[in-house]
Ligand code: NAP
C-alpha cells in the first residue's frame, strides 16, 4: 500500500472532518484559534502534497516553496486568493466549495436588504440608546423602504444569485432584474426575471445586489459612474468581495445622497479599519464577512473541502475551480 499523502490543514476543523482526513492523509493540523500565520504556513508547506485553507494568497511566493504541492483545497466558494496562472504553470489543482452555502449566503443578503431598507440596525441602536421617548419621534423620520413589491437588481446570476432571486420573488413578491455574464433562461422562467444591461438595472432597481466572483473583469465594476445611475432612494448591497466595488466612490455616493443606504458584508480591506467612514454612517449596515457563517454551513464547507482535498489527491471526485479543470489527473 502506498503511503498516505502529506497534507497541511491551516485552520481548526470539526472532529468528524479530522477523522475523515486522517483516514486518507498524513495530516499536520493548526489547532489554535484563527488560521495558521503566513510565516508558519510558508515554513510548513515545503514538503506537503496538499493544503487545506480558506483564504490568504496562494501566490508564487507560496507555490515556489512547495515543490511537492499538487492540491490547494479552499473551504470557500470564492477563490480570488488563487493565482490561477501560477497554479496552472505548476500543475497545482485548486478546489472550492460550491452549492453547500448558497441558501445561507442568500439568507444573509435578504437580511442586509431588510436591515438597510427598514433601518433595523440603526433603529435597534436608537431604542437601546434611550432615544425612543414620548413625543420625540415625529412625522416620517423613522420610516424606511418596503422590500415587498420593490424591484431588486441582481448582478451575477449564479448559484447564490439564484437563491437570492428565489427568496426575493417567492418570499417578498419582488420584481426581479438581473445582469450577468450569460443569460439564464431557467431563472427567467422560474422567477419571472428580466435580463437587462448593467446600466438599466442600476437605473430601475430599488435594491442593487452584487454577488459576482472577484476577477479582473469584476474588479471595481461598480464605481462613481454606476452609483450616479442609481435612484437616490435605492440601497446598494455587497456580499461578493470588497474589491468589486470602488469603496471610495461608495462613500462619496452615500455622503452626497446619490443613494440612500447600503448593506455590506465585505470590504476593500478586511478587517476594515476602524476609521473607515462607512462605519460612521447610520444608513449603512456593516457585517464582518459572515455570508456563510452558520454552524451547519461551515461544517458542510469544511467536510466538502476535505473531500475535495482527498478526491483531487487520489484521482477521485473534487470541485476543481473552472479555470484549473483538466490540468491534473481529474
Ligand atoms: P457562481 O455560481 O459562479 O456565480 C457567479 C455569477 O457571476 C455567474 O452567473 C457568472 O456568470 C457571473 N459573472 C462572472 N463574471 C461576471 C462579469 N464579469 N459580469 C457579470 N457577471 C459575471 O458563484 P456563486 O457560488 O454564486 O458565488 C459568487 C461569489 O459570491 C463568490 O465568488 C464569492 O466571491 C461571493 N461569496 C461571498 C460570500 C460571503 O461570505 N459574503 C460567501 C460566498 C460567496 P456565468 O454564469 O456566465 O459564469
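Observations on the structure shown:
- Computed with the Debye formula from one identical point scatterer per Cα of region 63-175, without solvent, the log10 of I(q)/I(0) at q = 0.11, 0.12, 0.16, 0.20 Å⁻¹ comes to -0.60, -0.66, -0.85, -1.04.
- Relative exposure of 295, 206, 107, judged by other C-beta atoms within 10 Å (fewest first): 295, 107, 206
- 10 Å binning of all Cα-Cα separations within region 176-330, expressed as whole percents from 0 upward: 10, 30, 31, 21, 8, 1
- Averaging the sequence gap over all C-alpha pairs within less than 8 Å and six or more residues apart, then dividing by the number of residues, gives the chain a relative contact order of 19 percent.
- For residue 283 and residue 61, the FRET efficiency from 1/(1 + (r/R0)^6), where r spans their Cβ atoms and R0 equals 45 Å, is about 0.65.
- The distance from the alpha carbon centre of region 105-124 to that of region 146-209 is 18 Å, rounded to a whole number.
- √(5λ) per eigenvalue of the Cα gyration tensor, region 247-292, largest first, Å: 18, 12, 9
- Mean Cα-pair separation over length for region 183-330, i.e. relative contact order, pairs under 8 Å, 6 or more apart, %: 16
- In plain terms, the residue of 235, 227, 172 with the fewest other Cβ atoms within 10 Å comes first and the most crowded comes last, giving 172, 227, 235.
- Axis of helix 15-24 versus longest Cα principal axis of the chain: the two differ by about 30°, to the nearest ten degrees.
- Selected from 151, 46, 104 as most flexible by GNM, with the chain as the system and alpha-carbon contacts under 10 Å: 46
- Diagonalising the gyration tensor over the Cα atoms of region 1-138 and scaling each eigenvalue by 5 before taking the square root yields semi-axes of 43, 17, 15 Å, largest first.
- Per-residue ellipticity at 222 nm, computed for the chain from helices alone with -39500 (n - 2.57) per DSSP H run of at least four residues, works out to -9500 deg cm²/dmol.
- Sorted largest first, the principal axis extents computed over the alpha-carbon atoms of region 163-211 equal 26, 23, 17 Å.
- Build a GNM of the chain with springs between Cα atoms under 10 Å apart, and of 42, 108, 250 the one that fluctuates most is 42.
- Degrees separating the helix 102-117 axis from the principal Cα axis of the chain, which is the longest one: 30
- Rg [Å, one decimal], Dmax [Å, integer] - the chain, C-alpha atoms: 21.8, 79
- Among beta bridges identified by DSSP and lying wholly in the chain, the antiparallel ones come to about 5 percent.
- The value of relative contact order for region 160-264, using C-alpha pairs under 8 Å at least six residues apart, is 22 percent.
- Nearest 10 degrees, 0 to 90: helix 295-314 Cα axis against the chain principal axis: 30
- A Förster radius of 22 Å combined with the Cβ-Cβ distance from residue 125 to residue 33 puts the calculated FRET efficiency at roughly 0.15.
- Panel order for 99, 195, by other beta carbons found within 10 Å of each beta carbon, from fewest to most: 99, 195.
- Per residue, the convex hull spanned by the Cα atoms of region 141-238 measures out at 98 cubic angstrom.
- Mean-square fluctuations from a GNM of the chain, with a 10 angstrom spring cutoff on Cα atoms, peak among 101, 201, 41 at 41.
FYI, it's all coordinate maths here, none of it is from the lab. Remember, it's a predicted structure, so these values are computed and weren't measured experimentally. Glycine gets a Cβ as well: all are built from the backbone with ideal geometry, and neighbour counts include every protein chain shown.
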